[in-house]
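Here's the structure, in structure tokens; my notes come after.
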Amino acid sequence: MTESQRPSGEYPMYPSYGNGDAAYPPPPAYQPAQPVVTGPGTAVWPGNGGHGGGGYGDFGHGLPQPAPQPSGRRARRAGRPVALLAAVAVAAAVVGGITATAIGQFTDGGSGSSAGGTVSGTTVSQSSAGTVAGVAQAVSPTIVEIGASSTAGESTGSGVIITSDGEIVTNNHVVAGASSIKVTLSTGRTYTAKVLGTDADKDLALIKLEGASGLKTATLGDSSAVRVGDQVVAIGSPEGLTGTVTSGIVSALNRDVTVAKEGDSGQDQGQGQQGGGDWPFQFGGQQFNGDTGDSTTTYKALQTDASLNPGNSGGALINMNGEIIGINSAMYSASSSSESGSAGAGSVGLGFAIPVNTLKADLDTLRAGDGS
């Protein structure tokens, strides 16, 4: 191996092709098709003779020079496809993982994982969102059956649990004049309840279970967001059939419904199982389901075609997110219960509910016991 004797800087040093530094390779038998890269900023084309010691002519002066390449160029080039494939594989794995997670969340069939399972409250599980079955499963534990006894007899209605210690919303006409109130949970457990407050003008009442704690509570929604055609679910205890679920749509908004306004007279105007009229109300200038009496109140109601029957009063009208949007309060029936009893009344797809925003605005008054 021979070192160049030319002064330093006169000619560039060639990379080593064997052992040692700056050794000249033997001249090829033909002119190479590509320039030989010798170092940063310099390219030399092979010649047919010329300068001693190497047989290479320096034809690179004054010509544009290609960008310098490291001696490991080929190795790195060979490695790029592998690196690219690895990057693509990682990206695909990430996207695939996200997709699988999303699919799992919407198709979980109740495996008990946190992604598809029902959480506390009335949140509908992701795998059942938008279904009647999902809403019923989530909300049913918050709906109760109310049995009210008075001097006029007994009545059965429904209610909605709104606090874990047993505050329950129902209709005023379910508990008005009651001397004792028994409440049955969806589990079958029974409590005694007392009235905290009533508002006869809005046909609302708030009762409280004695000795209750840790109860599952309903989520109160926003009735101002309800639109005609929205799907809804109704849950209650029609004719004492606890936990009955029906479904339909919101048929109309802001219907003027007139119901009996009851105080402490002891007259039972609830969903009479034994004595008294069932669910009397007036709508459109006509009177339905018995005599409303001399004292009445009118409120704006949500109309639904979800089947409601005597015993649904005070129960929940629910949207497909599992939120309470109304308290069921009245129904239309062509038969008058004052003549034929409760067996003569039945749902024909015209039910009415007090908007939940009316309830939310009245809660403080009911808790204070200041209602009329």
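Bear in mind these aren't lab numbers, they're just calculated from the coordinates by the rules spelled out. Computed from a prediction, not measured in an experiment: that's the story for all the values here. In this analysis, Cβ positions are derived from the backbone assuming ideal geometry, glycine residues included, and neighbour counts consider all displayed protein chains.
Structure summary
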item	result
Loop-resident sites, the range 166-261, for trypsin sites (Lys or Arg not before Pro), counting at most 14 other Cβ within 10 Å (DSSP)	189, 227
FRET efficiency, 1/(1 + (r/R0)^6) with R0 22 Å, evaluated for residue 131 and residue 241 via beta carbons	0.50
Computed FRET value (nearest 0.05) for residue 228 with residue 192, which takes r as the C-beta separation and R₀ as 35 Å	0.30
Partner lysines for residue 182 [C-alpha distance under 16 Å; skip if fewer than 8 residues away on the same chain]	194, 208
Gain upon complete extension [residue 164, residue 296; 0.36 nm per residue less C-alpha separation]	44.2 nm
